[in-house]
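Novice: Below you'll find the structure I mean.
The values are calculated or read from the model by the stated rules, or taken from the named source; none is laboratory data. In this text the structure is predicted, and so the values were computed from the model without any measurement. Neighbour counts run over all protein chains shown; Cβ positions are idealised from the backbone, glycine included.
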Amino acid sequence: MTDDFPELPDFDPKAAKQAVRRGILRTVSIVLSIILTLAVLATAGSRLVQERGDRGKRMTEVLGTAFKLYNPAYRLAGGTCCETTPLSMSFRMEGTPVRAHGGFNALGGDTYTITQNFFGRVGHLPLGHPANTRLSFSLYNVGGTLAPKEEVTKVLARLPQDLNALAVVEFARPLTEPELVAFTGRHGGCPSRVVYERRTGSLPITWSTGDWDYGDVKETACGIDLKEFRKWVGILRDHDDANLRSFDLSLARLRKAADAGLAYAYVDDLVSIERLRTIIADPLVRTVRLADVAFDLDRP
């Protein structure tokens, strides 16, 4: 029987190694291409899912505004959405501590990131309780026994009358919006933020013009804007409550405060010591809580 098989070539180790190497490289390149394609598809798909509809806008409307309420002692701005990863979506805000007008106010400020995960839950928040500014403490103490009226009156008497002050003016009883407008008009005040809750020892609910970036723009810079506060609370949904609690808020408290519309105190960063002496003597005022003073460096 004749053997019809062709004669096999001699084994070449060098050629065999090259062939194996080429095979490995080809396999690796194919695998890497597949992984890269999947990563791109996952990132793009995750972005589309997370930003579907008005989810990005709503994130800044709810979380961005809640972050301002969480930090009433800071001026916060920004909130352009969104930076997206496969597992999260975030936006940044810039902020500086609120100081008495005319002093050495910080320029630029620090940047803070607010992040929610793929399932819409907010992550760890910057600032808040750790901020611990003097204005924060003054707001915590609304309704408390610190800084009684008699002692603050003496403090105001020894300070130069031309100093500008950052102060929390607390009322003996909560005022309706017309009463608040009348009070500030009578004393030439311009609240930068209104306190709509007495929550001694914790951060109360406050509101200022500009807290809601999508609200109507007011012609005045003063922060009495109950109508916008109510409109913002009106867009909140029941499922927002979990995230709101991360900002030391709750839907029930917000709805109660907006519905009542009663001002327990207000913040003023444009008031002089001279004017505060008159304000604290008003029977409607329980006390004044000083958070900062400054000489107006631009006043002749």
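Novice: Tell me, which residue of segment 61-96 that is small (G, A, S) and out of contact with any helix residue (DSSP H, G or I) (no Cβ under 7 Å at 6 or more places or on another chain) is farthest from Y140 (Cα to Cα)? Reasoning before the result, please.
Specialist: Kept after step one, since they are small (G, A, S), are these residues of segment 61-96: 64, 66, 73, 77-79, 88, 90, 95.
Of the ones still in play, those that are also out of contact with any helix residue (DSSP H, G or I) (no Cβ under 7 Å at 6 or more places or on another chain) are 64, 77-78, 88, 90, 95.
Working: G64: 22, A77: 23, G78: 26, S88: 33, S90: 29, G95: 20 Å.
Of everything passing the filter in segment 61-96, S88 is farthest from Y140 (Cα to Cα).
Novice: Kindly state which helices (runs of 4 or more DSSP H) lie completely within segment 1-82 and contain at least 1 residues that are modelled with pLDDT of 70 or more, closer than 30 Å to L127 by Cβ and among the polar types (S, T, N, Q). Before you say what the answer is, go through the steps one by one.
Specialist: Working: elements: 13-50, 55-59, 65-70.
In segment 1-82, the matching helices (runs of 4 or more DSSP H) lie at 65-70.
Novice: Also, quick follow-up: From the list F91, F104, pick out the single residue that is crowded, with 16+ Cβ neighbours inside 10 Å, more than 25 Å from I279 (Cα to Cα), outside the structural domain of A265 (by TED's automatic domain parsing) and at pLDDT below 90.
Specialist: Values: F104 fails: crowded, with 16+ Cβ neighbours inside 10 Å.
After applying the criteria, what remains is F91.
Novice: Which ones in segment 125-180 are within 26 Å of the chain's Cα centre (by Cα) and crowded, with 21+ Cβ neighbours inside 10 Å?
Specialist: L135, S136, S138, L139, V142, A165, L166, A167, V168, V169, E170, L180
Novice: Report yes if some residue within segment 238-258 is touching a helix residue (DSSP H, G or I) at 6+ places or on another chain (Cβ under 9 Å) and over 22 Å from S202 (Cβ atoms); otherwise report no.
Specialist: Checked against the condition, which is being touching a helix residue (DSSP H, G or I) at 6+ places or on another chain (Cβ under 9 Å) and over 22 Å from S202 (Cβ atoms), segment 238-258 yields at least one hit.
Novice: Run E274 past the list (1) buried (at least 18 other Cβ atoms within 10 Å of the Cβ); (2) more than 20 Å from Y74 (Cα to Cα) and report the number of the one that doesn't hold.
Specialist: Every condition holds for E274 apart from (1).
Novice: Sticking with this one: Scan segment 174-198 residue by residue and report those that are assigned to a loop (DSSP other than H, G, I, E, B) and touching a helix residue (DSSP H, G or I) at 6+ places or on another chain (Cβ under 8 Å). Step through it out loud before you land on a result.
Specialist: We begin by selecting, within segment 174-198, every residue assigned to a loop (DSSP other than H, G, I, E, B); these are 176, 188-192, 196-198.
Result: G188, G189, C190, P191, Y196, E197.
Novice: Looking at D282, D269 in this structure, which one is touching a residue at least 12 places away in the same chain (Cβ under 8 Å), surrounded by 20 or more Cβ atoms within 10 Å (Cβ to Cβ) and at negative phi?
Specialist: Details: D282 fails: surrounded by 20 or more Cβ atoms within 10 Å (Cβ to Cβ).
When all the criteria are applied, what remains is D269.
Novice: Would you point out which residue out of T176, T184 is more than 27 Å from P97 (Cβ to Cβ) and touching a residue at least 60 places away in the same chain (Cβ under 8 Å)? Spell out how you get there, then give the answer.
Specialist: Details: T184 fails: more than 27 Å from P97 (Cβ to Cβ).
Just one listed residue meets the conditions, T176.
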